[in-house]
Structures are given as C-alpha cells and as structure tokens.
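Scroll down for the structure; my scribbles are underneath it.
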Amino acid sequence: MSVQDYLDKHMLSRKLEDAVNAAVRAKTSDPVLFISNHMRKAVQSVITKIKARQILDSRGIPTVEVDLHTNKGVFRASVPSGNSTSMYEAVELRDGDKGVYLGNGVAKAVKNINDKISEALIGMDPTLQSQIDQAMIDLDKTEKKGELGANAILAVSIAACKAGAAEKEVPLYKHIADLSGKTSPTLPVPAFTVISGGKHAGSNLAIHEIMILPIGASKFEEALRMGTETYHHLKAVITEKYGAHNCNVGEDGGFAPNISSFREALDLVKEAISRAGYDEKIKIALDVAATDFCIGKRYDLDFQSPQKSGQNFKSAEDMIDLYKELCSEYPIVSIEDPFDKEDWEHIKHISSLGICQVVGDDLLMSNAKRIERAITESACNALLLKVNQVGTITEVIEVVKLAKEAHWGVVTSHRCGETIDSFIADLSVGLASGVIKAGAPCRGERLEKYNQLLRIEEELGDQAVYAGEDWRQ
C-alpha cells in the first residue's frame with residue numbers, strides 16, 4: 001500500500017489539514033505539540049486494557065487496585081475496606097485461606113478482574129459510566145455482587161469514572177456532577193475524627209468516635225486549618241491531663257486516651273475547641289456505633305473494659321435520656337447509629353425529637369431498600385455513604401438521590417482500611433454531599449482526601465462554594 005493509499009484509507013489527509021488549520025488559528029508557538037494534541041482529541045477513547053493487583057490498605061490488610069488503560073492514558077483506583085460487614089451490603093470477596101494474610105487475601109477478586117471483567121469491558125467508552133457498571137452487574141448475576149466481588153467491581157467502576165473525566169477533559173468532580181445531574185459542585189464540611197474509641201482504638205471508650213465540624217468557616221481551606229489547630233490543641237490537653245502516652249491514635253487518626261466516660265471525652269474536645277478560639281464556629285458529632293455494644297436490648301457502656309463489662313448497662317430509654325443531656329450540654333449537631341441497627345423503634349423516636357441530625361450507618365449500610373424503609377418510617381434523617389457497601393458509582397449516585405429527595409443530609413465516608421486514593425473527595429464535591437468524614441487531620445491516607453479538597457477549591461477559585469452553615473442541604 002502506498003503512502004497516499006494509506007492516507008486515503010484512514011482519511012488522514014483531511015484530519016491533518018484540520019489540525020494544521022487549528023494550529024494556524026491558535027497562532028501556537030509549538031505547532032508540532034499542538035497538532036499532536038489536536039489529533040489525540042480527535043480519537044474517541046475506549047478501554048484497551050484492565051490490570052488488577054493486590055495491595056495493602058492502611059491497616060496492612062489486602063485490598064484491590066486497578067489500572068484501567070484507554071488510548072488517553074492509564075487510570076488507577078483502589079478500594080477501601082471496613083472492619084465489619086453486614087448482610088445488607090455488597091459482598092467483599094476474600095480468599096479465605098488462613099495461611100495467607102490470615103484469610104484476607106483478595107487474589108480471587110484480582111483474578112476476576114483480570115480474567116472476566118477485563119474481557120467484558122475492553123472496547124467500551126469510559127464516559128458511559130452506567131453502561132460499564134451495568135455490564136459488570138450483569139456479569140456478576142448476584143444481588144450483592146458475591147460472584148465477582150464488590151471490591152473487584154468497585155475498583156473498576158472508580159477507575160472508569162476517572163477515565164471518563166479525562167476523556168471529557170473535565171475535573172473528576174465535574175464529571176461526577178454531570179453523571180448525577182448536579183449543576184453546582186460544593187465543597188463539603190470536613191468531619192474530623194479527634195477522639196477514637198470502640199473497635200477503632202484500644203481505649204475504654206465505648207463509642208467509635210467524636211468528630212468536629214468547622215461549619216463556621218468561610219471556605220474549605222479555613223475549615224482544614226481550624227480542624228487541624230483544634231486537633232493539636234487537643235493533643236496538648238490530653239498530654240496535660242493524662243500524659244503523652246495517652247496520645248496514641250486509633251485507626252482513623254483520632255486520639256485514644258484511656259477513658260471510658262462520654263462526658264470526659266467531650267470535655268476534652270470542648271476544651272480544645274475553646275483553646276483554639278473556635279467556640280462559635282466548630283460543632284461536635286458523635287459516631288456511637290451502638291450495635292457494637294448492644295447485648296439483647298441493653299447497651300454495655302463498659303464493653304471495652306472486660307474487668308468492668310456488665311456493670312454499666314443502659315436501656316434504650318436510658319440512652320435517649322443520655323443523648324438529650326449531651327446535646328443540651330455540648331454543641332452536638334449529629335449522632336450516628338445511636339442504637340442497634342435493628343432497633344428501628346428507638347431510632348425513630350430520637351429522630352422525632354429533633355435534637356440533632358441522626359445518621360444511619362449500620363442501620364442503612366448504604367442499601368437502597370434499607371434507605372427506602374428509613375425514609376418511609378422517618379427512622380433517621382441522614383445517610384452515611386460508604387461506596388464499598390454499594391459497589392458501583394452508578395448505584396452510589398442513585399442512593400444519594402434517594403436521600404436528597406427525602407431532604408436528608410448526606411455524609412460521604414471513608415473506611416477504617418483506607419488507601420491513598422482520593423476519589424471520595426471528588427465524589428463529595430460532585431454529589432454536593434455537604435459533609436465528608438475522612439478521619440483525623442493526621443495519617444497520609446486520611447490527609448490525601450483533605451488535600452485533594454484543597455486542590456479542588458483552588459481550581460474552582462471564585463466559583464468555589466463551601467457548604468458551611470448549609471451542611472445539611
């Protein structure tokens with residue numbers, strides 16, 4: 001075949017002429033680079049290769065990482081993992097071989113990506129997120145993604161989302177906003193973990209964590225500074241009261257002093273906020289995770305202290321009285337999982353009191369059916385969104401729409417087993433979730449999310465909107 005025949009066959013003469021004309025109009029100083037980029041843009045991107053591997057998360061436990069290739073580049077994603085799983089969430093596929101990573105390996109999930117998912121998706125347009133996700137759901141054929149593994153499917157879904165943004169030449173958060181129908185991306189209020197307890201730490205505190213929300217900041221950059229300054233003041237307060245050895249941190253980066261009293265922990269946080277000078281600008285949130293210490297119909301507030309366990313049981317009614325007292329004594333604006341995940345009666349009761357936002361985590365598991373029931377029964381008024389409990393970005397968008405249509409708050413959340421993937425930062429902005437819960441302003445895998453939000457705010461410039469006082473809208 002002659003050169004001319006080759007040019008004619010692929011219609012290159014016209015394409016080259018168009019590129020040269022564009023370079024002339026642009027008066028570019030580097031025509032070769034301009035024409036090269038122009039030609040690349042003229043080629044529609046498709047998925048050309050998907051390669052998965054096993055990596056370790058922030059706890060040293062295996063998780064899945066994916067490199068998704070298109071003719072525009074390589075897009076990497078890795079998935080988080082939690083300490084506990086539920087029958088209501090998508091299935092995280094583990095190998096179960098106790099001789100390898102204590103049974104926590106993800107070689108099966110990796111193999112499913114490399115052998116099955118890859119074959120099904122090669123040639124697809126990465127901008128068609130819903131079609132990509134549906135192709136994987138159809139391939140899996142189970143309700144909770146138990147065949148391929150939600151960890152396998154989600155890793156590919158996130159990588160495809162990143163590739164789709166690149167193909168459209170827009171920021172990731174903008175692409176997510178487009179997918180969800182949002183027109184105004186919003187920077188979320190960060191819910192910084194400052195005290196860790198429960199299963200996240202080795203202290204005697206029953207509840208999972210105490211968080212601070214800088215809702216009085218004017219922009220995200222200021223919120224990050226306020227939260228970080230308060231975090232360091234808290235370290236000083238704990239050191240003065242209990243010694244430096246009580247400043248160890250939990251899995252999420254929160255301090256884990258060896259205390260058991262809710263009020264004692266809240267007093268520490270309140271003192272730190274005051275020392276930082278943010279009494280009127282920072283509010284407090286609790287993640288109780290009450291399912292972890294619910295025995296029958298009672299709550300063992302000393303479950304973290306084996307020598308005292310059973311001596312401080314509370315009924316659900318006692319817990320309601322406690323929450324009412326705490327909300328009147330401290331600037332608490334949100335309580336997550338105040339009761340056992342199946343105690344719908346008392347969750348509805350506390351929500352009806354209107355003393356603060358009531359967030360469903362274990363109650364909902366980001367499960368559409370559970371969310372619909374909670375909306376119908378007015379069981380809570382906010383969703384804790386964990387992408388790995390859902391399994392695909394398309395379904396994540398749908399559950400957020402459910403919550404938003406019910407006028408709920410939405411909290412985009414990390415997991416205790418995190419990676420350096422900052423995807424949930426862009427997700428929280430694109431979906432305008434209002435709040436992001438990504439741990440303490442400490443530890444690299446947590447800070448990567450907050451630092452990405454700084455970059456997004458900088459990129460948006462004068463168009464940047466911080467949720468602030470409107471964190472629930």
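Restricting Lys235, Lys162, Lys174, Lys219 to residues that are out of contact with any Ser or Thr (no Cβ under 8 Å at 6 or more places or on another chain) and in the same structural domain as Arg59 (by the TED database) narrows the list to Lys162. The residue that is surrounded by the fewest Cβ atoms within 10 Å (Cβ to Cβ), counting only those in segment 113-131 that are part of a helix (DSSP H, G or I) and touching a strand residue (DSSP E or B) at 6+ places or on another chain (Cβ under 8 Å), is Asn114. Out of everything in segment 181-202 that is of a type in the set (Ser, Thr, Tyr) and at pLDDT 95 or above, what residue ends up being nearest to Leu454 (Cα to Cα)? The qualifying residue nearest to Leu454 (Cα to Cα) is Thr186. Here Glu209 fits the description: closer than 30 Å to Asp340 by Cβ and among the acidic types (Asp, Glu).
Taking the condition of being among the polar types (S, T, N, Q) and free of Cβ contacts under 8 Å to residues at least 24 places away in the same chain, how many residues in segment 262-301 meet it? Qualifying residue count, segment 262-301: 1. Inspect all residues belonging to segment 393-407 and state whether any of them is basic (Lys, Arg), without any contact (Cβ under 8 Å) to a residue 60 or more places away in the chain and outside the structural domain of Ser78 (by the TED database). Looking through segment 393-407, at least one residue is basic (Lys, Arg), without any contact (Cβ under 8 Å) to a residue 60 or more places away in the chain and outside the structural domain of Ser78 (by the TED database).
Evaluating Thr412 against the criteria (1) buried (at least 24 other Cβ atoms within 10 Å of the Cβ); (2) part of a helix (DSSP H, G or I); (3) hydroxyl-bearing (Ser, Thr, Tyr) leaves one unmet condition, (2). Checking each residue in segment 347-372 for being within 18 Å of the chain's Cα centre (by Cα), among the small types (Gly, Ala, Ser) and not in a strand (DSSP E or B) picks out Ser366, Ala368.
Looking only at segment 457-467, decide whether some residue is among the small types (Gly, Ala, Ser), open to solvent by 10 Å² or more (accessible area, probe 1.4 Å) and assigned to a helix (DSSP H, G or I). Taking every residue of segment 457-467 in turn, at least one turns out to be among the small types (Gly, Ala, Ser), open to solvent by 10 Å² or more (accessible area, probe 1.4 Å) and assigned to a helix (DSSP H, G or I). If you filter segment 415-456 down to residues that are over 23 Å from Leu402 (Cα atoms) and basic (Lys, Arg), you find that the one that is most open to solvent (accessible area, probe 1.4 Å) is Arg455. Listed by position, the strands (runs of 3 or more DSSP E) enclosed by segment 264-346 that each have at least 3 residues that are surrounded by fewer than 21 Cβ atoms within 10 Å (Cβ to Cβ) are 313-315. Among residues of segment 351-368 that are farther than 20 Å from Val91 by Cβ and in the same structural domain as Asp287 (by the TED database), those with a Cβ under 9 angstrom from a residue that is of a type in the set (D, E, K, R) and open to solvent by 10 Å² or more (accessible area, probe 1.4 Å), sequence gap 6+ or separate chain, pair up as Leu353/Lys324; Ile355/Lys324; Gln357/Arg472; Gly360/Lys341; Gly360/Arg370. Taken as a whole, the structure leaves Val399 outside the set of residues that are of a type in the set (Val, Ile, Thr) and crowded, with 24+ Cβ neighbours inside 10 Å.
Residue-level check: of (1) in contact with a helix residue (DSSP H, G or I) (Cβ under 7 Å, 6 or more places away or on another chain); (2) part of a helix (DSSP H, G or I); (3) closer than 12 Å to Ile210 by Cβ, Tyr231 misses just (1).
When residues in segment 137-151 are screened for being out of contact with any Lys or Arg (no Cβ under 8 Å at 6 or more places or on another chain) and closer than 16 Å to Asp115 by Cα, 3 of them pass. Residues of segment 238-254 that are farther than 28 Å from Gly82 by Cβ and either outside the structural domain of Ile195 (by the TED database) or not small (Gly, Ala, Ser) (or both): Thr239, Glu240, Lys241, Tyr242, His245. Does Ile375 qualify as being aliphatic (A, V, I, L, M), in a helix (DSSP H, G or I) and open to solvent by 40 Å² or more (accessible area, probe 1.4 Å)? Yes: the conditions hold for Ile375. Can you tell me how many residues in segment 319-370 are acidic (Asp, Glu), modelled with pLDDT under 95 and touching a Leu at 6+ places or on another chain (Cβ under 7 Å)? The qualifying residues number 1. Can you name the residue in segment 169-194 that is of a type in the set (Val, Ile, Thr) and surrounded by fewer than 23 Cβ atoms within 10 Å (Cβ to Cβ) and is also farthest from Asp287 (Cα to Cα) among such residues? Selected residue: Val170.
Are any of the residues in segment 195-206 under 19 Å from Leu460 (Cα atoms) and open to solvent by 10 Å² or more (accessible area, probe 1.4 Å)? Taking every residue of segment 195-206 in turn, none turns out to be under 19 Å from Leu460 (Cα atoms) and open to solvent by 10 Å² or more (accessible area, probe 1.4 Å). Consider segment 62-84 and keep the residues that are modelled with pLDDT of 95 or more and open to solvent by 40 Å² or more (accessible area, probe 1.4 Å). The one that is nearest to Gly123 (Cα to Cα) is His69. Does segment 85-102 include one or more residues that are of a type in the set (S, T, N, Q), open to solvent by 50 Å² or more (accessible area, probe 1.4 Å) and in contact (Cβ under 8 Å) with a residue 40 or more places away in the chain? So far as segment 85-102 goes, no, none of its residues is of a type in the set (S, T, N, Q), open to solvent by 50 Å² or more (accessible area, probe 1.4 Å) and in contact (Cβ under 8 Å) with a residue 40 or more places away in the chain.
The values are calculated or read from the model by the stated rules, or taken from the named source; none is laboratory data. Predicted model, so just to flag it, every value in this text is computed and none were measured. Virtual Cβ from ideal backbone geometry, glycine too; neighbours counted across all protein chains shown. When the accessible area is computed, the model is the full protein with side chains, heavy atoms only, and any ligands, DNA or RNA have been set aside. Shrake-Rupley method; radii C 1.70, N 1.55, O 1.52, S 1.80 Å.
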